[in-house]
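The structure appears right after this line, and notes come after that.
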Amino acid sequence: MFSNLPPVTRALLGINVVVFLAQSLIGNQLFLPFMLWPLGGSEAGGLAFLPWQLVSYGFLHAGLFHLLFNMVVLFMFGAPLEHTWGPRRFLTYFLVCVVGAGLCQLVVVSWSLAQGGPPYPTLGASGGVFGVLLAFGMLFPNQRVMLMIPPIPMKARTLVIALGVIELVAGISGTRSGVAHFAHLGGMLFGWLLIQQWRGRPPFSRRPGGGNVRRF
């Protein structure tokens, strides 16, 4: 089954699992510089933000359940997107969602730091995974999907809207402390913007005479 996956989805799954195994065997100390630290975190006792963290944090995970959730979603919904878009476009999309989620999380955590909160790192592929969910809901809105907990079938579009609302409410209310809700929303936002740009739709517009545009 794993060997039948398209190449980028397979590579992303493999890299995340290998890195998690390294985290488990070596410990997180070695990986601290690759987690996403807030701007100004070093002045407050944390580590410094470095540009590569906007990508590297997306390949680290805080625990087995964290890894399993992200990899199951990537396995289920990433492969259809890669088959539709092709490897290069799918990889571009996933990385844009990871970076976009990281930028949103930087704003949130840096604001918290300015209010006197402690510096803390962010890690996990959830920003990219939530972007993948959004794209699946946009490309295959009427596809029936089955939730794992609870096992309720629903349309992909309904699932994406429900998840977005849940993340927004949880982020504003502060419930489920330790979960980067606004990073999840940031991954969805940047994914939506990229798809709109590819489609030549608002807030972007296609330039006159711009040639053929691949639509989906």
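The values are calculated or read from the model by the stated rules, or taken from the named source; none is laboratory data. Here the structure is a predicted model, which means the values were calculated and not measured. Neighbour counts run over all protein chains shown; Cβ positions are idealised from the backbone, glycine included. Quick note on the areas: whole protein, heavy atoms, side chains included, nothing else; ligands and nucleic acids left out. Shrake-Rupley method; radii C 1.70, N 1.55, O 1.52, S 1.80 Å.
Structural remarks
- Folded to 0 to 90 degrees: helix 181-199 orientation relative to the chain principal axis, Cα: 30 degrees
- At R0 = 41 Å, FRET efficiency that the Cβ-Cβ distance of residue 76 and residue 48 yields, to 0.05: 0.65
- When Cα extents along the principal axes in Å is computed from the coordinates, the matching label among [x] 56, 31, 30; [y] 51, 43, 33; [z] 62, 35, 30 is [y].
- Spatial separation of Cα centroids for segment 162-201 and segment 57-113, in angstrom: 12 Å
- In plain terms, the chain from residue 95 to residue 196 could stretch by 34.7 nm, reckoned as 0.36 nm per residue minus the Cα-Cα distance.
- Helical contribution to [θ] at 222 nm, DSSP H n ≥ 4, -39,500 (n - 2.57), averaged over the chain, rounded to 500: -18000 deg cm²/dmol
- With the highest mean first, a sort of the peptides 199-205, 70-76 on other beta-carbon atoms found within 10 angstrom per residue produces 70-76, 199-205.
- Here the extension length gained between residue 107 and residue 25 equals 26.3 nm, from 0.36 nm per residue of separation less the Cα-Cα distance.
- The phi torsions of segment 155-162, fed into the Karplus equation with coefficients 6.51, -1.76 and 1.60 and a -60° offset, translate into couplings of 6, 4, 4, 5, 4, 5, 4, 5 Hz, rounded to whole numbers, with Gly and Pro shown as x.
- Each peptide in 50-58, 127-135 receives the mean, over its residues, of other Cβ atoms within 10 Å, and ordering these scores from highest gives 127-135, 50-58.
- Packing-based ranking, highest mean first, of 98-110, 8-20 given that Cβ atoms within 10 Å are counted: 98-110, 8-20
- Averaging the Cα positions of each part gives two centres, and for segment 114-157 and segment 33-55 these lie 25 Å apart.
- Two-site FRET efficiency, residue 64 against residue 205, from Cβ-Cβ distance with R₀ of 45 Å, rounded to 0.05: 0.50
- Per-residue extension of 0.36 nm, minus the Cα-Cα distance of residue 157 and residue 115, leaves a gain of 11.4 nm for this segment.
- Percent of Cα-Cα distances greater than 17 Å, calculated over segment 1-44: 52 percent
- For residue 40, the residues whose modelled amide H falls within less than 5 Å of its own, excluding neighbours fewer than 5 places apart on the same chain, are 49.
- The mean accessible area for residues of the chain, using a 1.4 Å probe and ignoring ligands and nucleic acids, is 53 Å² per residue.
- Whole-percent carbon and sulfur share, accessible surface of the chain, 1.4 Å: 69 percent
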